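S.K.: What follows is a structure written as structure tokens; I'll ask about it next.
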Amino acid sequence: MAAPQLKPEFVDESAIVDAAIMSRKSVRAFLPDMVDEQTIRDILTVASRAPSGTNMQPWKVYVVTGEKLKAVSEAVLNSGIRAEKIAWDEYKYYPDKFFEPYYARRRAVGFALYDALGIPKRDVNQMRAQHDRNFVFFDAPMGLIFTIDRRLNQGSWIDHGMFLQSIMIAARGRGLHTCPQAAFAPYHKQIRPVLGIPDEEILTCGMAIGYEDTSKPENNFSTERASLDEFVTFVK
């Protein structure tokens, strides 16, 4: 798919773009309906227009379906290493100790999810079972695993993030939903041999992609966003 070209008479279509961004959410239950490969190719082609310093394009994607997706899931779930015990030895996603306002936001989204699922706050077994659904891509029939060359620096990680966001927005434009999943990252030793990921690549995250199962309660709550006053400073 060729990159879209803007015509000189291009008019403001902000509502379309805003709808794609505002409707993006982390879906945690998908329908079994397969997404055709050409649609994924189109999404990734569009997303590859994400900006990157000196056009380095520091991203790689492994698209997994069928038996290979099942093999990735089994490699993690049969590792015998609980998520709370696995070492984040390639990079750290979260701080060693949470602090405000991030601690409160983290707790709020966790409580909202478990409340939607009817999981009591202290039911560790059900919480673990819900977390483990990450590793079956929340039943999506297709998953994406992302990597970045370990020799690159922090700036390229920013670029990598913009690529991920571009995929999620392009997916919404095609009626699909996604869930970005850092939970896969610390299991890189289990996933590498399954997908043939070379040692010079850091596994950054996974992403479930497919059609939302709107009947599931975990998809029916919305996370809050801070007001502009909390994170914006206008300097005049």
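The values are calculated or read from the model by the stated rules, or taken from the named source; none is laboratory data. The shown structure was predicted, so the numbers you read here are calculated from the model rather than taken from an experiment. As a convention, Cβ positions derive from the backbone with ideal geometry for all residues, glycine included, and neighbour counts pool all protein chains shown. We work out accessible area using only protein heavy atoms, side chains counted, and drop any ligands, DNA or RNA first. Shrake-Rupley method; radii C 1.70, N 1.55, O 1.52, S 1.80 Å.
S.K.: ILE86 is checked against (1) open to solvent by less than 40 Å² (accessible area, probe 1.4 Å); (2) outside any loop (DSSP other than H, G, I, E, B) and fails just one. What number does that condition carry?
M.R.: Every condition holds for ILE86 apart from (2).
S.K.: Mind checking which residues of the range 194-236 are within 29 Å of LEU44 (Cβ to Cβ), open to solvent by 100 Å² or more (accessible area, probe 1.4 Å) and modelled with pLDDT of 95 or more?
M.R.: Residues satisfying the conditions are ASP199, ARG225.
S.K.: Filter the range 135-159 down to residues that are open to solvent by less than 30 Å² (accessible area, probe 1.4 Å) and more than 26 Å from GLY66 (Cα to Cα), then give me how many there are.
M.R.: Looking only at that region, the number is 2.
S.K.: State which residue is least open to solvent (accessible area, probe 1.4 Å) when the search covers only the range 56-68 and only residues that are of a type in the set (A, V, I, L, M) and within 16 Å of GLY206 (Cβ to Cβ).
M.R.: If we take residues in the range 56-68 being of a type in the set (A, V, I, L, M) and within 16 Å of GLY206 (Cβ to Cβ), then VAL64 is least open to solvent (accessible area, probe 1.4 Å).
Here is a yes/no grid of residues against (1) acidic (Asp, Glu); (2) in contact with a strand residue (DSSP E or B) (Cβ under 8 Å, 6 or more places away or on another chain):
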residue: GLU84; (1), (2): yes, no
residue: ALA87; (1), (2): no, no
residue: GLU90; (1), (2): yes, yes
residue: LEU113; (1), (2): no, no
residue: LYS121; (1), (2): no, no
residue: HIS131; (1), (2): no, no
residue: PHE135; (1), (2): no, no
residue: ASP139; (1), (2): yes, yes
residue: ILE145; (1), (2): no, yes
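S.K.: Quick one: in the range 22-50, of everything that is assigned to a helix (DSSP H, G or I) and β-branched (Val, Ile, Thr), which residue is surrounded by the fewest Cβ atoms within 10 Å (Cβ to Cβ)?
M.R.: Ranking the candidates gives THR45 first.
S.K.: Any idea which residue in the range 101-134 is nearest to GLU224 (Cα to Cα), counting only those that are more than 17 Å from the chain's Cα centre (by Cα), open to solvent by 50 Å² or more (accessible area, probe 1.4 Å) and among the charged types (D, E, K, R)?
M.R.: ARG105
S.K.: Look through ALA108, ALA104 and report the one residue that is touching a residue at least 60 places away in the same chain (Cβ under 8 Å) and either in contact with a strand residue (DSSP E or B) (Cβ under 6 Å, 6 or more places away or on another chain) or in a helix (DSSP H, G or I) (or both).
M.R.: Going through ALA108, ALA104 in turn, the sole match is ALA108.
S.K.: Does GLY53 satisfy being open to solvent by less than 70 Å² (accessible area, probe 1.4 Å), over 18 Å from MET162 (Cα atoms) and over 19 Å from the mean Cα position of the chain (by Cα)?
M.R.: When the stated conditions are applied, GLY53 does not pass them.
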